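The values are calculated or read from the model by the stated rules, or taken from the named source; none is laboratory data. Note that the coordinates shown come from a computational prediction; the quantities given were computed from them, not determined experimentally. Here the Cβ is made from the backbone with ideal geometry for all residues, glycine too, and neighbour counts use every protein chain on show. Accessible surface is based on the protein model in full, side chains and every heavy atom, while ligands, DNA and RNA are left aside. Shrake-Rupley method; radii C 1.70, N 1.55, O 1.52, S 1.80 Å.
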Amino acid sequence: MFDTVEKAASFQRHEQERIYAEQEADPELFDLPFISTDPELMERAERDADYRARLIRDLGADARTRARKR
């Protein structure tokens with residue numbers, strides 16, 4: 001399928017990034033738990049209602065944009 005190991009690894013990295021972005025935008029579409037690189041995301045979202053609302057709004061908009069592209 002791939003000419004070189006480098007191309008296969010590059011493809012796998014790209015797919016992992018794509019899946020991560022989709023899961024972060026709409027975790028209910030996946031059986032996996034929500035994943036984020038921010039170790040303090042939950043604490044910040046619980047402390048700051050404006051941050052939480054903005055995060056939900058932005059992630060929802062990203063999910064809708066990706067859904068339109070499919």
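Within the stretch 1-28, residues that are surrounded by 10 or more Cβ atoms within 10 Å (Cβ to Cβ) have Cβ atoms under 6 Å from residues that are part of a helix (DSSP H, G or I) in these pairs: PHE2/ALA8; ALA25/LEU59; ALA25/ASP62; ALA25/ALA63; ASP26/ALA63, counting only partners at least 6 apart in sequence or on another chain. The residue that is nearest to SER36 (Cα to Cα), counting only those in the stretch 9-21 that are among the hydrophobic types (A, V, I, L, M, F, W, C) and modelled with pLDDT under 85, is ALA21. For first residues located in the stretch 44-69 and under 17 Å from TYR20 (Cα atoms) and assigned to a helix (DSSP H, G or I), partners that are open to solvent by less than 60 Å² (accessible area, probe 1.4 Å) and modelled with pLDDT under 80 and lie 6+ apart or on another chain with Cβ distances below 7 Å form the pairs LEU59/GLU24; LEU59/ALA25; ASP62/ALA25; ALA63/ALA25; ALA63/ASP26; ARG66/GLU22; ARG66/ALA25.
Restricted to the stretch 29-52, and to residues there that are modelled with pLDDT of 75 or more and among the hydrophobic types (A, V, I, L, M, F, W, C), the residue that is most open to solvent (accessible area, probe 1.4 Å) is MET42.
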